[in-house]
Amino acid sequence: MAERRKPQITPGPAYIKSKPNDDFTLCAALYHDAIALYEQARVDEGNGNAQAADRHKRSALLAIFSFFEAQINQVAFAHAEAHSSDLGEIERDVLEEKETVIDDQGNIVRRNKFYRTESRFSFLAYFLSGQDFDRSDEVWQRFCESRELRDTWTHPKPPFDTWSLMLDKVRMAIVSVRDMLVRLDEMMDVDSPLWLRPIDEVLEDIRTESPQ
């Protein structure tokens, strides 16, 4: 029978060290990009421009999940770097998206490893907070539904059902990704970034700046 255990809890806070090529504004930019693209899709649909609307809906969907992965990776890599000497091998591997194995000659090899989004997020939630992320409530279910939609458009396969990507689904993806991260902040008892505002607040600013 396979052994199962919870991951180690982080030894403490982690602060990202400044690097010459590291843009700390990327996460915020991707989040606001997704909302701006969603708004442009809404305007396009209102103007009867279906082709442009489809383009912006696809872009918004991909942008919000790029944001999610960037935000998660930023936190994970910071903790891996800050606490490398205090972490177990598997904890470091998952944080850095690596896998430690042995080759045919018995050498220890550390290679890149893709971890399923839901699994890595659940790992990270426990690692950061010492609590399991609740998979039974609406926040988790909506996120999984949105992630499946993203996968459909990241790896398109015939038949290409372009009609299935509706504005309300794109909006749900944006809201659900934010809800996941806000919930994680609550579990850690920290404040969410000031720029991670609800979609309607960001949309109000966009519409004020560029009234349609």
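Derivation of every value follows stated rules applied to the coordinates shown; laboratory data play no part. Quantities reported herein were computed from a predicted structural model and do not represent experimental measurements. Positions of Cβ are generated from backbone atoms using ideal geometry, with glycine treated the same way; all protein chains shown enter the neighbour counts.
The table below lists the values:
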quantity: Length-normalised contact order for region 53-165 - Cα pairs under 8 Å, 6+ apart - percent; calculated: 23 percent
quantity: Per-selection Kirkwood Rh - region 89-176 (Cα, Å, 1 d.p.); calculated: 15.7 Å
quantity: 3J(HN,Hα) from dihedral phi, region 104-114, Karplus parametrisation 6.51/-1.76/1.60, rounded to Hz, x for glycine, proline; calculated: 5, 8, x, 6, 7, 10, 10, 10, 5, 9, 8
quantity: MRE, 222 nm, helices only [DSSP H, n ≥ 4, -39500 (n - 2.57), over the chain, to nearest 500]; calculated: -20000 deg cm²/dmol
quantity: Simple label model, 7 Å out from Cα along Cβ direction - residue 115 to residue 161, nm; calculated: 3.2 nm
quantity: Tilt relative to the chain, helix 117-129 - C-alpha long axis, 0 to 90 degrees, to 10; calculated: 60 degrees
quantity: At R0 = 41 Å, FRET efficiency that the Cβ-Cβ distance of residue 206 and residue 1 yields, to 0.05; calculated: 0.15
quantity: Ranked 65, 77, 143, 133, criterion: other C-beta atoms within 10 Å, fewest first; calculated: 77, 133, 65, 143
quantity: Computed label-point distance, nm, for sites residue 136 and residue 108 using a 7 Å Cα→Cβ extension; calculated: 4.0 nm
quantity: Cα pair distances exceeding 32 angstrom across the chain, given as percent; calculated: 26 percent
quantity: Centre separation in Å (Cα based) which lies between region 144-190 and region 42-102; calculated: 12 Å
quantity: For region 12-99, fraction of C-alpha pairs farther apart than 14 Å, in %; calculated: 70 percent
quantity: Greater than 28 Å apart at Cα, pairs in 6/57; 6/98; 17/98; 19/113; 6/113; 57/157; calculated: 6/57
quantity: Ranked list, fewest to most other Cβ atoms within 10 Å of each Cβ, for 126, 15; calculated: 15, 126
quantity: Potential lengthening between residue 17 and residue 50 on full extension [0.36 nm per residue; Cα-Cα distance subtracted]; calculated: 7.4 nm
